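The numbers here are math on the coordinates, done by the rules we state, and not lab data. These numbers were taken from a predicted model, which means no experiment stands behind them. Cβ atoms come from the backbone with ideal geometry, glycine included; neighbour counts cover every protein chain shown.
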Amino acid sequence: ADTCALLIDPTRSAKVPREHLADVAEETLSVDRYSAYKALGDNIKLAFCWSHIRRDFTRIRDGHPKLRDWADGWIARINELFGQNKKRIAVRTQLEAFQREDEKLRAAVDDMAVLRDAELADSSLHDAQRKALVSLANHWDGATLFVDDPEIPMDNNAAERALRGPVVGRKNYNGSGSIWSGMLTAILFTLFQTLLKHAVDPKRFLLAYFEACAENGGEPPENPEAFLPWNLTDEQKIAWRVSDKPP
C-alpha cells in the first residue's frame, strides 16, 4: 500500500502479460489491438479501443482522397457513438433517462453492424475499405463490451496517457537499446511513483538527496534509509511536499 514497484521486461511477447495476469480469475482489459493481448486466455476479456478503430478510417481519409467521403461517414458514426455513450453515462443514476439513452446507443451500434456487413458484401469495395471493415468485424465483440457494461470505457486513452512518459522518453533514457539503462529507468520510476504515493515531490526529494551526497564528499549519505518516504520527518514531508507549481 505504501510502495509502487515498476519492472521492465526485455520482450513485448504475450508471455509477459500472461504471467502477470496468471492468478486473475476473470477480468476485462481496455486495450488496443496488439496481438499479444489476444493470447491471454479465455478468462481475460478484451475491450478494444474505439479511438484505434477510428484511426483506421482517418488514415483512409488522409491517404485516399477518393475515399474521403466514405471515411468521413464512418468517422462521424464513431464520433456519434462516443457522444451517445457519454450522454448515457451522464444519466446513469436516472433510470428512465438512462434507458432512453441506452436504447439510442444500442440502436446506433446495431445500425453500424448492419452497414458494416452490407458494405463488406459489396464486391467492388476498395482494399483499404475492406481491410478496415474486416478488422472492425473481427474485433466487434470486444469493441462492444461497453454496451452492456457502462463501466468499461470506449477507449484506452487514459491508460496510454499514463504510459506516455516512459514510452516517449525511452530513447532519451537509452532504454530502447540498452537493458541496463532500461533497468535503471525502472528503478527511478519505482522511486518517483513511491514518492508520489506519499505526496513527496521527486524533484525536491532529489535536490535534498544530492545535497546530502555533496556534503558527504560525493558519496551516498551514511544513512540512506532516512530518505525512504516512510522514514521522513514531518519537517521534510512539509518541505518536499507536492505542490501545484514545480520548484
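With all pairs of different C-alpha atoms in the average, the Kirkwood value for the hydrodynamic radius of region 2-52 is 12.2 Å. Charge dipole (Cα centre; +1 on Lys/Arg Cβ, -1 on Asp/Glu Cβ; no other charges) of region 105-236 amounts to roughly 480 debye.
For region 143-225, the list of trypsin sites (Lys or Arg not before Pro) that fall in a loop by DSSP and count at most 11 other C-beta atoms within 10 angstrom reads K171.
Straight-line reach from K66: taking Cα to Cα under 24 Å and skipping same-chain neighbours fewer than 8 places apart, the lysines in range are K131. Positive end of the dipole of the chain (Cβ unit charges, origin at the Cα centre): among A1, L196, A108, the Cα lying farthest that way belongs to A108.
On a per residue basis, the convex hull of the C-alpha atoms belonging to region 117-203 measures out at 161 Å³.
When the trypsin sites (Lys or Arg not before Pro) in region 1-75 are filtered for DSSP coil states and for at most 13 other beta-carbon atoms within 10 Å of their beta-carbon, the remaining sites are R12. For region 1-135, the Kirkwood hydrodynamic radius from C-alpha pairs, put into Stokes-Einstein at 4 °C and a viscosity of 1.567 mPa s, yields a diffusion coefficient of 72 µm² per second. Between E151 and R92, the distance separating the two model label sites (each 7 Å from Cα on the Cα→Cβ line) works out to 0.9 nm. The distance from the alpha carbon centre of region 101-115 to that of region 197-242 is 56 Å, rounded to a whole number. Return the FRET efficiency for the residue pair D69, R100: r is the Cβ-Cβ distance, R0 is 35 Å, and the value is rounded to the nearest 0.05. The computed FRET efficiency comes out at 0.65.
Using the Cβ-Cβ distance between E27 and E119 with R0 set to 45 Å, the FRET efficiency works out to roughly 0.85. Would you please give the FRET efficiency between K131 and A214, computed as 1/(1 + (r/R0)^6) with r the Cβ-Cβ distance and R0 = 45 Å, to the nearest 0.05? Efficiency, rounded to the nearest 0.05: 0.15.
Using the alpha-carbon positions of region 69-114, Rg (one decimal) and Dmax (whole number) come out as 11.7, 38 Å. In whole angstrom, region 152-219 maps to an equivalent ellipsoid with semi-axes of 29, 18, 8, each derived as √(5λ) from the alpha carbon gyration tensor and ordered largest first. The spread of Cα positions in region 195-247, taken along each principal axis and listed from longest to shortest, comes to 33, 21, 16 Å.
Loop-located GluC sites (Glu not before Pro) in region 163-247 (DSSP state not H, G, I, E or B) with no more than 15 neighbouring Cβ atoms inside 10 Å: E222.
Adding -39500 (n - 2.57) for every DSSP H run of four residues or longer, then dividing by how many residues the chain holds, sets the calculated 222 nm ellipticity at -18000 deg cm²/dmol. Dimensions of the chain based on its C-alpha atoms, expressed as ranges along the principal axes with the largest first, amount to 76, 47, 38 Å.
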